[in-house]
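The structure appears below as structure tokens.
Bear in mind these aren't lab numbers, they're just calculated from the coordinates by the rules spelled out. Here the structure is a predicted model, which is why all the values come from computation and not from measurement. Because the Cβ atoms are built from the backbone with ideal geometry, glycine has one as well, and the counts that use them run over all protein chains shown.
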Amino acid sequence: MIFPAVWRVLPGPAWVKALLLVLVILAIVWVLFEFVFPWVSVEFGIQDQSIETGTAP
Amino acid sequence: MPTLERTLPSHAAPRRQSGWAAAVGLLGELLIIAGVVLGLYVVWQLFYTDIAANNTQQEVVDSLDWVAPLEAVTAGDAITVIPDNLKFDPDTAPVMEEPAFMTTFATMYVPRWGSDYVKPISEGVTRKDVLDTLGIGHYPGTGMPGELGNFAISAHRTTYGKPFNRIAELKAGDPLVIETEDAWYVYRVTEWEIVEPTQVEVIAPVPDQPGAEPDDHYITLTTCHPMYSAAERWVTHGTLEYWAPHDAGVPAEILEDAS
């Protein structure tokens, strides 16, 4: 299972594991917010507002 | 010093599970992760893009040294209002060269949207480089401010700082004020329409009459419709009432309380 496996892989005592877990989650959220979600929004045309001139993607 | 003896906690011992139960458990975990990611996408789209884009757009406005200081404008002190004898006919309006892609060349004031409304206008209408970050974008190849033809601009109605959020509140006669380094251009709203995303004739030199010779100084705002959708486009048109040299003062229109 994924969640127990993650807990086992993280080193150190429980409080270190918890701290590392928070840092890992923050890093994942940052990657999603800065790179993945902007790409998804543009690629799938969510929230477009321009007239399709044919020149602009 | 006592010797620390590591013992394996009993709950860490691998439990015996049937293959079926393990598969269901794994599926459940994947669904939980998918749900959290989808939830995060909504938070990002509805809240985070506004914060990020508003910050960027405010920085852009602040970096333009020719922009009228809004604090002074709203406070109403030490402001010269453009006198009538320095308001000039649209036909004599100065027209700037079309700038390079992503260059911010103007700002926009819309009193109907609040006396503190000022947003930058930049060249281009691509999502990633202009509309999602810099705010209002100018359709390349359409007229520049004051030009005989159609000054056509686009912006988000929701999310990413939502510059055109309140476009449905604009009424005929409302001022749309464009400021460039050299001049002020005061347009007035004439009409609005809802069109399909493919109806490019709304940004023609004469709106909705592709191929016609330009006969007036138009402005056209396009944004999405309905809100939170990309199905249609809300389009608002206007015409130039007058222009004034930038150092003549500040148009009385942006000092008015329209609401």
Filter result (more than 14 Å from every other protein chain (Cβ to nearest Cβ), part of a loop (DSSP other than H, G, I, E, B) and either aromatic (F, W, Y) or under 19 Å from the mean Cα position of the chain (by Cα) (or both)) within segment B:172-210: B:D174, B:T180
Selection within segment B:140-150 - in a strand (DSSP E or B) and either within 14 Å of chain A (Cβ to nearest Cβ) or farther than 21 Å from B:Y242 by Cβ (or both): B:N150
Matching residues in segment B:229-246 - criterion: being of a type in the set (G, A, S), in contact with a strand residue (DSSP E or B) (Cβ under 8 Å, 6 or more places away or on another chain) and within 13 Å of chain A (Cβ to nearest Cβ): B:A230, B:A231
Unmet criterion (only one of (1) closer than 27 Å to B:A231 by Cα; (2) under 15 Å from the mean Cα position of the chain (by Cα)) for B:E169: (2)
Residues that are in contact with a His (Cβ under 6 Å, 6 or more places away or on another chain) and under 15 Å from B:L170 (Cα atoms), drawn from segment B:225-238: B:W234
Any hit, segment B:197-205, residues being among the polar types (S, T, N, Q), touching a Gly at 6+ places or on another chain (Cβ under 6 Å) and under 21 Å from B:D132 (Cα atoms): no
Inter-residue pairs, beta-carbon under 6 Å, first assigned to a loop (DSSP other than H, G, I, E, B) and in segment B:231-252, second aliphatic (A, V, I, L, M), 6+ apart: B:G249/B:V81; B:G249/B:I82; B:P251/B:I82; B:P251/B:V177; B:P251/B:V186
Search result, residues across segment A:1-42 that are within 13 Å of B:D132 (Cα to Cα) and among the charged types (D, E, K, R): A:E34
Condition met for B:G135 (away from every other protein chain (no Cβ under 14 Å), surrounded by 21 or more Cβ atoms within 10 Å (Cβ to Cβ), of a type outside the set (K, R) and within 21 Å of B:T107 (Cβ to Cβ)): no
Meets criteria (within 19 Å of the chain's Cα centre (by Cα), of a type in the set (K, R), away from chain A (no Cβ under 14 Å) and not in a strand (DSSP E or B)) for B:R157: no
Matching residues in segment B:218-242 - criterion: being in contact with an Asp or Glu (Cβ under 8 Å, 6 or more places away or on another chain) and over 24 Å from B:L131 (Cα atoms): B:L240, B:Y242
Entirely in segment B:31-139, the strands (runs of 3 or more DSSP E) that have 3 or more residues that are in contact with an Asp or Glu (Cβ under 8 Å, 6 or more places away or on another chain): B:104-109
Filter result (closer than 16 Å to B:H237 by Cβ and either out of contact with any Pro (no Cβ under 7 Å at 6 or more places or on another chain) or buried (at least 24 other Cβ atoms within 10 Å of the Cβ) (or both)) within segment B:147-168: B:E147, B:F151, B:A152, B:I153, B:S154, B:A155, B:F164, B:I167, B:A168
